[in-house]
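Since the structure comes first, as structure tokens, the remarks are kept for the end.
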Amino acid sequence: MFNSNESEFLKFSNVTKIFKSGHLKTYALDSVSFSLMENEILSVVGESGSGKSTLGLIAIAMETYNSGNVYFEGREIKKLKRKELRKFREKSQMIFQDPYESLNPFNSIYTSVSTPLYGFHSKMPYDEKRKSVIKILNDVGLMPATEYIDEFPTKLSGGQRQRASIARSFILNPKFIVADEPTSMLDASSVAEILTLLKKMKEQYKYSMLYISHDIASAHYISDRMVVMNLGRIIESGSSDEIVNHPAHPYTKKLIDSVPKLGEKLDNIENVNFIPKYINGGMKGCTYSNICPIARDKCKTERPELFDLGNNHYVACFYPLI
Amino acid sequence: MSDILSIKNLSVVYKTSNRETSALKSININFRSHEIAAIVGESGSGKSTMGLAIMKLISDPGKITSGEVIYHGDQDIDIMGLDAGELRRFRWKTISMVFQASMNSLNPVTRVRDQFMDTFAAHSMKQDDKMIDFLLEHSGLSNNVKNMYPNQLSGGMKQRVNIALALACNPKILIADEPTTALDVVVQREILEYLASLKNKLNLTIIFITHDISLASMVADRMFIFYDGRVIESGDTEEIINNPLHPYTKKLLSLIISLKSVNNLKFYMPDKKNYNKSNSGCSYYNNCPIRSSACLKYDYHEIINNNHMVKCINVDKVINNV
């Protein structure tokens, strides 16, 4: 998994990102290594505070990092020249979390969706721009596009706004997409809409995507491979089916058990206790050791490294569940 | 179980200069004491409006146009008929609320302790540190939390503080409006377990407003499905999830993303937001797969058995298809 490979599209190698506030250091990423293949959807799963959004921002060169290297199509992102960086920006796009905030309420859908065209193809005539906006709106399911193109976001529902926002991300025909919790602000029924849409778009547009989410069920639905993060470290990675059906890390198991299930009764309501879990990462032992049900002394003093369980399933745990 | 709160023919209208939107269309609900009732619906269905209307908190441009909300305490009180002073004594002591996005509603510049003291002062209670300790302990937080500022707390802890604040005056009814929407799955489960435990510990009636039907099914005794300002189906949780009758409820249930549903989710076009605007007939007409011309004629509802109510004229068709 960490060997260089020709179809490797994006590669993180030992990337560390530290946020400093006074003398307090927070390890948002703690030597993170993984790679994203061409035409692959890789999801990054973890709780809030696990560093998954920081990882997305670094991948798209909107955030710097302290040490390690990030390679995009074999070249180091940090060393890209101004023109190359502009090329990179054209090829890579982001889908944001909250469509109520990511679309300017004063701009019509045409203005919002066509903005990237004005930035990168400023010489394209207006008619052509309009045509490509209509085409992309049809592709994302805002049909008929002529009815939506001159509307303002206030007239659209949450799911429709997110579709418009996805249309803006796809108008330059990008090769790389970072989707940072694209469904967490939406209604349960719109979530299914957006996930099926992203999956359908992949057949048409052939892109690679980092799908960032705290919901392991939606990640399982959309992605081929998954990495699970806890406090800045990758603690498990492998194919989505493998991880969901045979989680090896106790934390992954907890994430899976937390997914709401229809008609399931809550069992643990008599002794609800506060679990102190706010730690800044960068600790000696396993990041999960202070709340892990199966932790032993070794977990607190020694850092577990990722090792192969077979089938490309990697886990960072001394006492894996399988 | 006796009824604790009855909503009768309640209608709410939002009026702007050029148009009128009815958010609630003459709804009737009886809440029983010591139950968890879930209000399920998409955004815009009127579920939050109902929560606010129960507290008589609807403010301009909204207006309660008809109906009454009766609290069955020692004597029956019509909340809509209370004046400002009476409301002030009534709110929080009898019915309290955890508002939507309330993680961000704590005052960022005062300590948690002072926010409790403010609440006690506003409702002329004894300002007592012991009471704060008691409330925090009940919500599973250590009592150091009272000396902290909100920015030192995680999202889940803030939500617990909010629920503890809502319980400060020992209310009989708690309205929780999307209490877990901005939280990740692990914390979401903690908050759900906590809410469910309150029902038994404090003999509380909880009105749980959510868009996620699988979450609702985990905690609720009864469910009310909202669509376009009407209750279109209601009944015991088990009855609704095992035997849904309204086509909209069926759709909601089919869109749940769980770890098992991965392969049977289909690409799905968004519902049109154009509800049937006429005052009679079914709002779901424009999107309904089994509509017939009779649907538009009059408002129809049928009680299938004691607890199961459905508003669908073609309910026989649904039953026979299954």
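The values are calculated or read from the model by the stated rules, or taken from the named source; none is laboratory data. Remember, it's a predicted structure, so these values are computed and weren't measured experimentally. Here the Cβ is made from the backbone with ideal geometry for all residues, glycine too, and neighbour counts use every protein chain on show. Surface accessibility is based on the protein's heavy atoms, side chains included, excluding ligands, DNA and RNA. Shrake-Rupley method; radii C 1.70, N 1.55, O 1.52, S 1.80 Å.
For the reader, a short list of remarks on this structure follows.
- The combined condition, being part of a strand (DSSP E or B) and surrounded by fewer than 16 Cβ atoms within 10 Å (Cβ to Cβ), is fulfilled by A:Phe19.
- Any hit, the stretch B:174-185, residues being within 30 Å of B:Ile319 (Cβ to Cβ), among the acidic types (Asp, Glu), open to solvent by less than 10 Å² (accessible area, probe 1.4 Å) and modelled with pLDDT of 90 or more: no
- Meets criteria (modelled with pLDDT under 90 and open to solvent by 70 Å² or more (accessible area, probe 1.4 Å)) for B:Ser124: yes
- Filtered residues of the stretch A:136-168 (kept if open to solvent by less than 30 Å² (accessible area, probe 1.4 Å), closer than 19 Å to A:Gln204 by Cβ and within 13 Å of chain B (Cβ to nearest Cβ)): A:Leu137, A:Asp139, A:Val140, A:Gly141, A:Leu142, A:Gln162, A:Arg163, A:Ala164, A:Ile166
- Extreme residue, modelled with the highest pLDDT, among residues of the stretch B:190-202 that are touching a helix residue (DSSP H, G or I) at 6+ places or on another chain (Cβ under 8 Å) and more than 16 Å from B:Ser33 (Cα to Cα): B:Leu192
- Considering the stretch A:178-202, and only residues there that are of a type in the set (Lys, Arg) and at the interface with chain B (Cβ under 8 Å from one of its Cβ atoms), the residue that is nearest to A:Lys135 (Cα to Cα) turns out to be A:Lys200.
- Residue in the stretch A:169-177 that is more than 13 Å from chain B (Cβ to nearest Cβ) and assigned to a helix (DSSP H, G or I) present: yes
- Residues of the stretch B:43-80 satisfying the condition of being open to solvent by 60 Å² or more (accessible area, probe 1.4 Å), among the small types (Gly, Ala, Ser) and over 20 Å from B:Ser283 (Cβ atoms): B:Ser59
- Hits in the stretch A:108-139 - residues which are in a helix (DSSP H, G or I) and in contact (Cβ under 8 Å) with a residue 40 or more places away in the chain: A:Ile109, A:Tyr110, A:Ser112, A:Val113, A:Ser114, A:Thr115, A:Pro116, A:Leu117, A:Phe120, A:Asp139
- Which numbered condition A:Gly263 fails, given (1) touching a residue at least 60 places away in the same chain (Cβ under 8 Å); (2) open to solvent by 10 Å² or more (accessible area, probe 1.4 Å); (3) not hydrophobic (A, V, I, L, M, F, W, C): (1)
- Counting only strands (runs of 3 or more DSSP E) that sit wholly inside the stretch B:1-100, those with at least 3 residues that are more than 25 Å from B:Asp236 (Cβ to Cβ) are B:3-15, B:20-32, B:62-72, B:76-78.
- Check on B:Tyr275, at pLDDT 80 or above, within 14 Å of chain A (Cβ to nearest Cβ) and touching a helix residue (DSSP H, G or I) at 6+ places or on another chain (Cβ under 8 Å): no
- Test result for A:Ser189, in contact with a Gly (Cβ under 8 Å, 6 or more places away or on another chain) and part of a helix (DSSP H, G or I): yes
- Tally, over the stretch A:234-249, of residues that are open to solvent by 10 Å² or more (accessible area, probe 1.4 Å), in a helix (DSSP H, G or I) and either more than 12 Å from chain B (Cβ to nearest Cβ) or in contact (Cβ under 8 Å) with a residue 40 or more places away in the chain (or both): 1
- Exactly one residue out of A:Leu255, A:Leu210, A:Leu231 is closer than 18 Å to A:Pro293 by Cα and more than 11 Å from every other protein chain (Cβ to nearest Cβ), and it is A:Leu231.
Condition check ((1) more than 18 Å from the chain's Cα centre (by Cα); (2) assigned to a loop (DSSP other than H, G, I, E, B); (3) in contact (Cβ under 8 Å) with a residue 60 or more places away in the chain) across all residues:
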{"position": "A:Asn39", "(1), (2), (3)": "no, yes, yes"}
{"position": "A:Leu42", "(1), (2), (3)": "no, no, yes"}
{"position": "A:Glu47", "(1), (2), (3)": "no, yes, yes"}
{"position": "A:Asn69", "(1), (2), (3)": "yes, no, no"}
{"position": "A:Lys78", "(1), (2), (3)": "yes, no, no"}
{"position": "A:Arg89", "(1), (2), (3)": "no, no, no"}
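Residues checked against (1) within 23 Å of B:Ala182 (Cα to Cα); (2) surrounded by 22 or more Cβ atoms within 10 Å (Cβ to Cβ); (3) of a type in the set (Asp, Glu):
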residue	(1), (2), (3)
A:Glu47	yes, yes, yes
A:Leu57	yes, no, no
A:Asn69	no, no, no
A:Lys81	no, no, no
A:Glu84	no, no, yes
A:Val113	no, yes, no
A:Asp127	no, no, yes
